[in-house]
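Colleague: I have a structure I would like to understand better, so I am pasting it below and will then ask my questions one at a time.
Where a number appears in this text, it was derived from the coordinates with a stated rule and is not lab data. Just so it is clear, the model here is predicted, and its values are computed rather than measured. Here the Cβ positions follow ideal geometry from the backbone for every residue, glycine too, while neighbour counts run over all protein chains shown.
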Amino acid sequence: MALLERRQSLLKAVNCIASQEGVHAIPVVVVNGNRFDEQLNEELRGDARIRYLYCNEPSAPEAQLVGRRAVSTPYFAFLDDDDELLPGALLRRIEALEKYPEAAFAVENGYRHQRGQDEAVIDDMEQLNDRPPLESLLETNWMASCSGLFRTVSVGEQFFQNPAPYMEWTYLAFRLSLVFEARFLSSFGYRINVTENSVSSSESYLEGVVDVLTRMLEFDIPHGIAKTLRQKRVAALHNLSVRHLDQGDLRRAWRYHLRSVASLEGLRYLGYSRQFFLPSRLGVDADR
């Protein structure tokens, strides 16, 4: 992102926090790494509305942990510098947590903004209150970086340690859902500005999906949940195999294929093995 655009989006994020009505919200801005604009950095340091923090490691999860450690209020939330909170978002979430003291966090619906259009992140957020959060999470990820408000006394910094490199908010939602109750709000409280350079189709991201699902399976979880996670993990491995086979990398494709069929959930992909022995794959003239 160009410097001017970055400055505008970051200051817009700060403004939408500081201007939240009915609450006293303190923007905690964490600057990390050593690649930043000095002028913008000094502007942030001099902004009396914010609490400025710096960490050496150029890592978003590390910045989130640093920010969590700095929390001294009853509630906290997150906001990426290119997204925005909509008016009244924090007040609605606080009211939900005060009304439902058994809930450790509240999650609000929001918009995904792409190509000039807003679309709802979740079609029917309210119905999620009728189901265990872990169960609904397996169908759709309802936790975005800016969708939640967390009760400080419940959601400690340990939940932000050893984060997943990809799908970190899904992983956080999973960990929280194992031990806490949640409250879901159908109101629209945030807007995620989707860029064209999405990482969700990259190989690293697809490998990250496998990593997250593997981590989840290490927890003590109900049998039905574990079965669904194994199915998702097998499907992710199969997708990686297909990707590498399409790219002509038979060795890596075969390796992922073997991993995908190494469990009962992967037996449905056994027939895919034929793809590796087609004459065109083996360099054999089929007419001979």
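Colleague: Looking at Ser59, Cys146, Ser187, which one has the Cα that reaches farthest to the positive end of the dipole of the chain (charges on Cβ: Lys, Arg +1; Asp, Glu -1)?
Modeller: Positive-end residue among those listed: Ser59.
Colleague: What stretch of the chain, leaving out the sites themselves, is the longest with no GluC sites (Glu not before Pro) in a DSSP loop having at most 15 other Cβ atoms within 10 Å? Before the final figure, lay out the partial values.
Modeller: Working: sites that count: Glu21, Glu102, Glu139, Glu196, Glu218.
Counting only loop sites that pass the neighbour cut-off, the longest clear stretch is 22-101.
Colleague: Have a look at Val30, Val66, Val153 and tell me which one the Gaussian network model of the chain (Cα, springs below 10 Å) gives the largest fluctuation.
Modeller: Checking each option, the largest mean-square fluctuation is seen for Val153.
Colleague: Under a point-charge model restricted to the Cβ atoms of Lys and Arg (+1) and Asp and Glu (-1), what is the dipole moment magnitude of region 104-256 relative to its Cα centre, in debye to the nearest 20?
Modeller: Working: 16 positive and 20 negative charges, 95 e Å.
In total the dipole reaches around 460 debye.
Colleague: Then there's this: Choose one answer from Ser154, Ser263, Ser145: the residue with the largest mean-square fluctuation in a GNM of the chain with alpha-carbon springs under 10 Å.
Modeller: Ser263
Colleague: Here's another thing I want to ask about it. Decide, for region 1-138, between rounded, prolate and oblate: order the square roots of the alpha carbon gyration tensor eigenvalues as a ≥ b ≥ c, take rounded if a/c falls under 1.5, and otherwise choose prolate if a/b is larger than b/c, else oblate.
Modeller: On the way: a/c = 1.84, a/b = 1.55, b/c = 1.19.
It comes out prolate by the Cα gyration axes.
Colleague: To continue, here is another question. Among Ala70, Thr170, Pro279, whose Cα sits farthest toward the positive end of the charge dipole of the chain (+1 at Cβ of Lys/Arg, -1 at Cβ of Asp/Glu, about the Cα centre)?
Modeller: Toward the positive end, the furthest listed residue is Pro279.
Colleague: What's the magnitude of the charge dipole for the chain around its Cα centre, counting Lys and Arg as +1 and Asp and Glu as -1 at the beta-carbon? Answer in Debye, nearest 20. It would help to have the intermediate numbers written out before the result.
Modeller: Numbers: 33 positive and 40 negative charges, 187 e Å.
Charge dipole of the chain: 900 debye, to the nearest 20.
Colleague: Shifting gears a bit: Given the options Arg191, Arg49, Arg115, which has the most mean-square fluctuation in a GNM of the chain, springs set between C-alpha atoms less than 10 angstrom apart?
Modeller: Highest fluctuation of the listed residues: Arg115.
Colleague: Looking at (i) 62, 44, 35; (ii) 51, 42, 41; (iii) 78, 45, 35, which value of Cα extents along the principal axes in Å comes from a calculation on the structure shown?
Modeller: Derived directly from the coordinates: (iii).
Colleague: What's the exposure ranking of Asp83, Asp118, Asp123, going from fewest to most Cβ atoms within 10 Å?
Modeller: The fewest-first ordering by Cβ neighbours comes to Asp123, Asp118, Asp83.
Colleague: Further question: Using Cα pairs closer than 8 Å and at least 6 residues apart in sequence, work out the relative contact order for the chain, in percent. Spell out each step's value before the answer.
Modeller: Values: 400 pairs, mean separation 46.8, N = 288.
Across the chain, relative contact order equals 16 percent.
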